[in-house]
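**Q** Following this message is one structure expressed as structure tokens.
The values are calculated or read from the model by the stated rules, or taken from the named source; none is laboratory data. Everything numeric in this text was worked out from a predicted model, so none of it was measured. Positions of Cβ are backbone-derived with ideal geometry, glycine not excepted, and every protein chain shown enters the neighbour counts. Ligands, DNA and RNA are excluded from the accessible area calculation, which covers all protein heavy atoms including side chains. Shrake-Rupley method; radii C 1.70, N 1.55, O 1.52, S 1.80 Å.
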Amino acid sequence: ERFEAACLRLLKDPSQEVRETAALALGILGHGRAVPYLAHLLWNSKSGREWVGAREVDSRTRAFAAFGLGQVGARSELASERESIVRILREALAADETSSQDLSAACVIALGLVPLAEEEPGFAGAGEEGAARPAPRSPRAEQIEHLLAWFEDERHHRLARAHSATSLARLCSGARAPATTALRARVAGVAAASIARGKEPAEVLQSCVQALGPLAPNGDDAL
């Protein structure tokens, strides 16, 4: 708690490097208490601006707040907290109004650090005997679908799209549930098709090549 308080004070430091590192350090502490602080820094909200003591939270501090959220989410054992962090990051990604690629790249990298549950905890199916049971909700599949759609939108900055390819690979690697296993093959197909076309920016092509590694499970001869 003392170190957390010190980090919050340092958000007003005149040095840019100190401010952004203080935001990241809040996340590395790994405590859910830091999530609201990091969210408001990332969103450049009124509270976030008050914490940095400026008219706006600069884009680099916002980017490091996204990295911090990824660190909290990577360590959290609470499904609800992880889903909340993913929502925060997605909201910031959708509303990114900065001219720099730093913020969107940080958000997609952080999303790759917070894999949600492959199936909703506690799902046991429903329906009368003999009736078809509904498929379990898959928070991870929804997370992958959203990021894949973002990657395929060529209007986004090439560097952020490049980082989204490797984040997709992280989210898909180790997939076991049917919904996420199917998506792993789909993401691999998108990456391979991007390479085959050869029309993507170099950074995107390089990341697609990298992504194929973790997407290929042992024994998958096609991949």
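**Q** Could you please give the count of residues in segment 44-66 that are of a type in the set (A, V, I, L, M) and either open to solvent by 40 Å² or more (accessible area, probe 1.4 Å) or farther than 15 Å from residue 25 by Cβ (or both)?
**A** The number of residues fulfilling the criteria is 2.
**Q** Another question about this same structure. Among 204, 187, which is more than 15 Å from the chain's Cα centre (by Cα) and within 16 Å of residue 109 (Cα to Cα)?
**A** The conditions single out 204.
**Q** A follow-up question, please. Out of the residues in segment 158-178 that are within 24 Å of residue 106 (Cβ to Cβ) and more than 16 Å from the chain's Cα centre (by Cα), which is most open to solvent (accessible area, probe 1.4 Å)? First the steps, then the outcome.
**A** Let us first name the residues in segment 158-178 that are within 24 Å of residue 106 (Cβ to Cβ), namely 158-174.
Restricting the remaining residues to those that are more than 16 Å from the chain's Cα centre (by Cα) gives 158, 174.
Details: 158: 107, 174: 48 Å².
Filtering first and then ranking leaves 158.
**Q** Give just the number: which of (1) under 20 Å from the mean Cα position of the chain (by Cα); (2) charged (D, E, K, R); (3) at pLDDT below 85; (4) surrounded by fewer than 12 Cβ atoms within 10 Å (Cβ to Cβ) does residue 153 not satisfy?
**A** Single failed check for residue 153: (3).
**Q** Right, something else. The conditions are (1) exposed (fewer than 15 other Cβ atoms within 10 Å of the Cβ); (2) assigned to a loop (DSSP other than H, G, I, E, B), and residue 96 fails exactly one of them. Which is it?
**A** (1)
**Q** When segment 25-42 is examined, which residues are found to be open to solvent by 40 Å² or more (accessible area, probe 1.4 Å) and in contact (Cβ under 8 Å) with a residue 24 or more places away in the chain?
**A** Of everything in segment 25-42, those that are open to solvent by 40 Å² or more (accessible area, probe 1.4 Å) and in contact (Cβ under 8 Å) with a residue 24 or more places away in the chain turn out to be 28, 29, 31, 33, 37.
**Q** Let me ask another. Quick one: count up the residues across segment 179-223 that are free of Cβ contacts under 8 Å to residues at least 40 places away in the same chain and open to solvent by 80 Å² or more (accessible area, probe 1.4 Å).
**A** So the answer is 9.
**Q** As an exercise: evaluate residue 173 against (1) modelled with pLDDT of 95 or more; (2) of a type in the set (S, T, N, Q); (3) farther than 18 Å from residue 88 by Cβ and give the number of the one condition it does not meet.
**A** (1)
**Q** Among the listed residues 102, 96, which satisfies the condition of being charged (D, E, K, R), in contact with a Ser or Thr (Cβ under 9 Å, 6 or more places away or on another chain) and free of Cβ contacts under 8 Å to residues at least 40 places away in the same chain?
**A** So the residue among 102, 96 that is charged (D, E, K, R), in contact with a Ser or Thr (Cβ under 9 Å, 6 or more places away or on another chain) and free of Cβ contacts under 8 Å to residues at least 40 places away in the same chain is 96.
**Q** Look through 142, 118 and report the one residue that is at pLDDT 90 or above and surrounded by fewer than 16 Cβ atoms within 10 Å (Cβ to Cβ).
**A** Selected residue: 142, the only one of 142, 118 that is at pLDDT 90 or above and surrounded by fewer than 16 Cβ atoms within 10 Å (Cβ to Cβ).
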